1. In segment B:212-264, what residues are more than 22 Å from B:Ile133 (Cα to Cα), loosely packed, with under 14 Cβ neighbours inside 10 Å and away from chain A (no Cβ under 14 Å)?
2. What number of residues within segment B:166-199 are in a helix (DSSP H, G or I) and crowded, with 18+ Cβ neighbours inside 10 Å?
3. Would you check which residues across segment B:166-211 are within 14 Å of chain A (Cβ to nearest Cβ), touching a strand residue (DSSP E or B) at 6+ places or on another chain (Cβ under 8 Å) and hydroxyl-bearing (Ser, Thr, Tyr) and list them?
4. Quickly run through segment A:13-39 and pick out the residues that are polar (S, T, N, Q) and in a helix (DSSP H, G or I).
5. I'm told A:Ser31 meets every condition in (1) out of contact with any strand residue (DSSP E or B) (no Cβ under 8 Å at 6 or more places or on another chain); (2) touching a residue at least 40 places away in the same chain (Cβ under 8 Å); (3) not aromatic (Phe, Trp, Tyr) except one. Can you identify the failing condition by its number?
6. Is it the case that some residue within segment B:149-165 is within 9 Å of chain A (Cβ to nearest Cβ) and either surrounded by 16 or more Cβ atoms within 10 Å (Cβ to Cβ) or of a type in the set (Val, Ile, Thr) (or both)?
7. Would you confirm, using the coordinates I've provided, whether B:Leu87 is more than 14 Å from chain A (Cβ to nearest Cβ), at negative phi and part of a helix (DSSP H, G or I)?
8. Could you grab me the full set of residues in segment B:41-52 that are part of a helix (DSSP H, G or I) and touching a Gly at 6+ places or on another chain (Cβ under 7 Å)?
Amino acid sequence: MTLKSWRELPIGCVVSEPGSASEYHTGSWRSQRPIWDNAKCIKCGICYVYCPEGCVQQGEDGFFQANLDYCKGCGICAHECWPRAIKMIEEG
Amino acid sequence: MGKRVGMEVAVAVAEAVGLCNIDMAAVYPITPQSHIAEHLSDLVADGRIDCEFVTVESEHSAMSAVIGASAAGARSYTATSSQGLMLMHELLPIASAMRLPICMAIANRAVSGPLNILNDHSDIMPQRDAGWIAIFVENAQEAIDLSIAAFRIAEHKDVMLPVCVNIDGFQLTHMVEPFEMPSQDEVNRFLPPFVPHATLHPAKPVTMGAFAMSDYFTEIMKAKDEAVKASKKVVQDVFDEWGKMFGRPYRLVETYLADDADILMLTMGSMGETAKIAIDELRARGVKAGLVKLRLWRPFPFAELKAVVKNARKLIVTDRACSFGGPGGPVFSEVKSALYAETKRPLIYNYIIGLGGRDVQVKEFIGMFENVLADTADKAADTYEFWGVRE
């Protein structure tokens, strides 16, 4: 989504397109991101269960990853993962 | 021509607002504003105006209700004072950010504590940065005229901002004064119907007052600043229109005997009337004294102020509030900042006067002029003083 300049904002910042929130990605301020080591992952899904944002998703191969459009980098998935398959790394 | 009448100013303000075809009012009573609330409520209850009067449980609710009503496309009005305005405080920047042209009367009163119901400007000053257009009036006629003109300013398509009209509590609100009340026909001609920039309606769904993160917040604040600054031109245009139609022109900064003055005094609100009498007496003694009245507090009329004070040697700024531990009174601070970069500017003196309803008489205004004139070494320039304080 291209960010608008102040001149392009509608008066009063009225949002006139219904459902446009789906285009708004809320993970932009993340300072760390989770990385899965699939060699250690046992596909238990505890990361999926604990993610407070509901943005950990299971792929067709059964392994997990975070949707980085919405992941805030809180690290709860890495903290809860008992096989220690998730590591938090600094965002570039 | 309107009818010349005598009436209590608060009641007259409600009458004037009643001519403005308001759709909704939510006013919580508080001294010395209550007579506006009571009389507006009477106008609705007596069927004299077709308006929804929402009886709310606080000023916080009053401001919330007018924000909602204005967002729905209703011409909305409220009025308050002192603690009521403080309770509205958190909502004021929301009204301006949503660009809702709400109009409000503020019957200026001292903020607690200690509890004090009388007049000063300590209620409006903390609202300075809320993004509202702030107008000050000096007498009944100005209160009537500008309460009506406020809607036209607020609802102008290039403005769409809330406007507050500051009317000194008791000293103005509770006086019975003669003035000319415009007729309904005249107000209808002056004030076109409200055309909102957006409305809450199921036929065309929109979101108003949406959440914004750091990626947009700066741009939104910049847009708001530009909107408030740009409103200055419209305020003068509407004043000019008013002048053409009613023969009473207003300016953003007004003056009295200021053109050739060596020493000027700046006032806001009702005390300008007393200061004028003092200036007449000083002129009779041969002192070239003059008055500057700041009518528009926000947006601040920088260029207009500079133009009228540039030839004076000394400028006395009166304040009706104090910025504790700061540079003195808030008006003083603003005027100093306005003139900071000018190579030719007057020496500025600050008197904090009339706090919590303390009377300031003609002889005291003369005393302020005399004090400043006696400061031949300019030692007291750029300082502030609580006028008349017991040491």
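Since every read-out is calculated from the coordinates, none of them should be taken as a lab result. Since the structure is predicted, the reported quantities are computational estimates derived from the model, not experimental observations. Note that we place each Cβ from the backbone using ideal geometry, even for glycine, and neighbour counts take in every protein chain shown.
1. Hits for segment B:212-264 are B:Lys244, B:Met245, B:Gly247, B:Asp259, B:Asp260.
2. Selection size over segment B:166-199: 2.
3. Within segment B:166-211, just B:Thr207 meets the criteria.
4. Selection gives A:Ser20, A:Ser22.
5. With respect to (1) out of contact with any strand residue (DSSP E or B) (no Cβ under 8 Å at 6 or more places or on another chain); (2) touching a residue at least 40 places away in the same chain (Cβ under 8 Å); (3) not aromatic (Phe, Trp, Tyr), A:Ser31 is out only on (1).
6. Checked segment B:149-165: at least one residue is within 9 Å of chain A (Cβ to nearest Cβ) and either surrounded by 16 or more Cβ atoms within 10 Å (Cβ to Cβ) or of a type in the set (Val, Ile, Thr) (or both).
7. yes
8. The one that is part of a helix (DSSP H, G or I) and touching a Gly at 6+ places or on another chain (Cβ under 7 Å): B:Leu43.
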